[in-house]
Amino acid sequence: MIHPDRIKRVLLKHSIVTEKIADDLIAQAKQKNVNLLIFLEQQELIPEEDLYEKLASDFAVPFINLQNVTIPQPVLEILPEAIAHTHEVVVFEYNQADHSIKIATTDPDDLQTIDFLRKKTGCTVTVYFTTPASITAVVSQYHSHIEKEFALFQQPLERGNQLSASDITQNIPIIKMVDTILDYAIFQNASDVHIEPTDKNIVIRFRVDGILRDVMTLPKSIQSGLVARIKILANLKLDEHRLPQDGRLNITANAKRVAVRVSILPVYDGEKIVMRLLDESKNILTLEQLGLNTVALAVLRRHITKPHGMILATGPTGSGKTTTLYTVLSIMNTPGVNISTIEDPIEYRMNRINQSQVNPKIGFTFASGLRSLLRQDPNIIMVGEIRDDETAQIAAHAAMTGHLVLSTLHTNDAISAVFRLAEMAVPHFLIASTVNVIVAQRLVRRICSDCVQSYQLNKASIDEISQRYNLTDVLDGFKRLGEELTEDGSLEHLNFFRGGGCAKCGDTGYRGRLGLYEVFEMTEAASQAVLRQASKEELLQIAMRDGMITMAQDGFVKAKRGLTTIEEILRVAKE
């Protein structure tokens with residue numbers, strides 16, 4: 001922790017701010033209980049690297065940026081990860097000839113840690129000053145060696161016999177193994193952890209950015225211990241091996257509070273475990289951050305201010321529907337309205353919103369919960385999912401009687417939601433009068449910004465796209481969203497993008513995800529078409545005439561803007 005007086009001295013010395021402004025900034029940071037350096041970065045008064053270089057000069061030590069530096073594993077292991085993470089200090093160079101090491105730290109005055117390193121290594125220590133981002137980048141390199149971590153845990157387990165459940169609470173290697181699996185999953189931003197037994201071993205897989213990846217294979221001998229440890233954490237029955245079980249636990253890792261939903265299913269070779277990770281400390285996104293295009297954004301903003309009706313989000317499991325609804329709720333969440341939800345499960349806690357979780361075992365279903373919510377004087381209701389006829393009909397009637405209802409459906413596109421409601425015995429006149437807007441979405445992987453490269457489509461690629469999509473509609477989407485085209489108005493000679501693969505994205509070319517959206521507005525023409533029970537094709541044509549951008553059009557525009565790839569569009573978006 002660098003003392004505020006030193007930071008103030010540097011700011012004044014380099015004429016970055018006046019003394020009065022410096023004192024105000026220190027007071028504001030103290031009032032908000034925020035580190036002064038972090039607060040200054042948030043204010044964007046000076047680029048981060050410039051500020052740290054000037055501080056390094058004041059400390060009379062050299063500055064170094066390690067964000068793109070790969071440190072050899074033997075050098076990295078000189079200092080344990082726990083100390084590197086806790087004290088924000090890393091070893092980045094070792095000179096065997098003169099037995100010296102170079103360290104980078106965010107606090108050159110931390111003499112205790114520097115002295116510890118000198119005594120531990122017996123080396124001469126040269127201190128460099130660096131940024132917290134550099135420390136984070138180096139610490140991340142520890143996580144790339146997961147195999148070595150697991151190898152350490154496996155050795156004492158492989159020497160013993162099958163572990164009994166009663167031994168689990170005292171078995172340190174098993175406890176460390178489960179903790180490490182969860183720790184790495186959180187670090188890699190995995191949404192799910194799969195622990196799958198086979199006849200000879202156990203396979204650990206993470207779902208990262210929507211794609212499952214093999215992480216590790218563990219010996220079969222530890223299967224019972226691993227399963228029992230997770231059951232203990234999730235408060236499940238240790239002696240039940242024939243029936244599925246569901247549980248929940250909370251963990252804290254790297255200052256993140258994460259809720260873990262645990263599902264255990266008996267399979268032929270044992271019990272398969274899937275853990276869904278939900279970051280409860282994550283901030284709710286804005287509509288712009290979700291990735292809505294300008295046309296979709298305008299439509300959605302227009303309808304979230306309406307006092308009644310239905311806003312529906314559709315798409316397959318894991319497509320971000322609930323995140324979209326939470327984002328809409330956060331905009332609506334003002335002191336003047338009463339918002340109640342019925343969910344399965346509650347994925348994120350939101351202040352001032354009354355959230356209930358269904359429990360079918362005691363008869364608390366979406367339908368019964370929705371009936372109860374209507375007696376709670378709500379203005380806005382969110383139903384986690386419309387799964388059955390009864391819930392669909394109650395939701396539609398609630399929307400008709402002056403409530404704004406938000407919910408999700410499992411359909412492939414926005415138009416199909418109209419027909420799904422009709423299949424659930426919701427009358428067409430009720431659909432036409434209560435549905436305000438339907439948002440269909442998919443999640444695609446975002447191109448890694450550190451290894452992005454441009455290219456142009458060849459004829460074979462264009463032919464493949466033309467077999468899946470109407471190229472006229474694709475090009476029309478470019479025009480309507482303001483994208484420039486070539487003189488001949490074709491996909492040829494247009495620049496698209498992909499990731500080349502680098503250390504930061506694990507050589508995948510992708511890092512993070514964003515949404516593709518298709519927002520159907522119940523306009524007057526669309527309402528009349530629903531009333532006369534028009535076909536899906538006719539309703540789609542009306543929606544496009546009224547300005548709807550299809551998911552495929554949205555995807556190709558995002559590909560042209562360098563946000564995702566053509567391959568991702570082909571993977572998730574249908575014509």
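The values are calculated or read from the model by the stated rules, or taken from the named source; none is laboratory data. All of these numbers come straight from a predicted model, not from anything done at the bench. All Cβ positions, even for glycine, are placed from backbone atoms using ideal geometry, and neighbour counts span all protein chains on display. With ligands, DNA and RNA removed, areas are computed over all heavy atoms of the protein, side chains included. Shrake-Rupley method; radii C 1.70, N 1.55, O 1.52, S 1.80 Å.
Things worth noting here:
- Using alpha-carbon coordinates, inclination of helix 111-121 to the longest axis of the chain, degrees: 70
- Coil-residue GluC sites (Glu not before Pro) of region 5-78, DSSP, other Cβ within 10 Å capped at 10: 44
- Helix axis angle, 146-159 relative to the chain longest principal axis, alpha carbon, degrees: 80
- Using 0.36 nm per residue and subtracting the Cα-Cα separation, the extra length available between residue 346 and residue 484 on full extension is 45.4 nm.
- Counted residue by residue at 0.36 nm each, then reduced by the alpha carbon distance between them, the extension gain from residue 473 to residue 246 reaches 77.2 nm.
- Vicinal HN-Hα couplings computed from phi for region 311-321 (Karplus, 6.51 cos²θ - 1.76 cosθ + 1.60; Hz; Gly/Pro x): 10, 10, 10, 10, x, x, 4, x, 9, x, 4
- Virtual paramagnetic centre 7 Å along Cα→Cβ of residue 269, amide N under 14 Å, in region 175-209: 195-205
- Beta-bridge orientation, the chain: approximately 65 percent antiparallel, per DSSP, counting only bridges with both partners inside.
- The distance between label points at residue 220 and residue 545 comes to 6.5 nm (points 7 Å beyond Cα on the Cα→Cβ vector).
- Unsatisfied cross-links (Cα-Cα over 31 Å) in the set 8/120; 20/102; 256/321: 8/120; 20/102
- Set of lysines with alpha-carbon distance to residue 13 below 19 Å, sequence-local pairs under 8 removed: 54
- Label zone at residue 50, where the point sits 7 Å out along the Cα-to-Cβ direction: region 2-22 residues whose backbone N lies under 11 Å: 15-17
- Percent accessible area from carbon and sulfur atoms, region 306-397, protein chains only, probe 1.4 Å: 48
- Amide H contacts of residue 446: 511, 512, 513, 514, each under 5 Å away and 5 or more positions distant or on a separate chain (H built 1.01 Å from N in the peptide plane; Pro and chain starts excluded).
- Per residue accessible area of the chain, 1.4 Å probe, in Å²: 48
- A crude spin-label estimate for the pair residue 213 and residue 456, with each label 7 Å from Cα along the Cβ direction, gives 3.3 nm.
- The accessible surface of region 424-538, taken with every protein chain in place and a 1.4 Å probe, is 44 percent carbon and sulfur.
- Secondary structure note: in region 7-126, about 65% of the DSSP beta bridges are antiparallel.
- Cα-based shape type of region 205-276, given that a ≥ b ≥ c are square roots of the gyration tensor eigenvalues and the cut on a/c is 1.5: oblate
- Ordering of 96-102, 423-429, 401-407 by burial proxy (mean other Cβ atoms within 10 Å per residue, highest first): 401-407, 423-429, 96-102
- The mean sequence separation of alpha-carbon pairs under 8 Å and at least six residues apart, normalised by the residue count of the chain, gives a relative contact order of 9 percent.
- Spatially proximal lysines relative to residue 560 (Cα-Cα < 19 Å; intrachain offsets below 8 disregarded): 459, 479, 574
- Taking the 1.4 Å solvent-accessible surface of region 179-246 as the whole, the part contributed by carbon and sulfur is 49%.
- Sites residue 537 and residue 464 - FRET efficiency at Förster radius 25 Å, r taken between beta-carbons, to 0.05: 0.55
- Residue-span extension gain [residue 38 to residue 428] - 0.36 nm each, minus C-alpha spacing: 134.9 nm
- Estimated D of the chain in µm² per second, where Rh is the Kirkwood radius over Cα pairs and Stokes-Einstein applies at 10 °C, 1.306 mPa s: 58
- Calculated FRET value between residue 280 and residue 115, using beta carbons and R₀ = 25 Å, to 0.05: 0.05
- Using alpha-carbon coordinates, inclination of helix 536-545 to the longest axis of the chain, degrees: 70
- The calculated FRET efficiency for the pair residue 257 and residue 298, based on their C-beta separation and a Förster distance of 35 Å, comes to about 0.50.
- C-alpha center-to-center spacing [region 395-444, region 14-82] in angstrom: 50
- Estimated inter-spin distance, residue 377 and residue 308, nm [label 7 Å along Cα→Cβ]: 1.8
- Prolate/oblate/rounded call for region 323-406, Cα gyration tensor, a/c under 1.5 rounded: oblate
- Database remark: amide H of residue 501 closer than 5 angstrom to the amide H of 509 (H placed geometrically; neighbours at sequence offset of 5 or more, or on other chains; Pro and chain starts carry no H).
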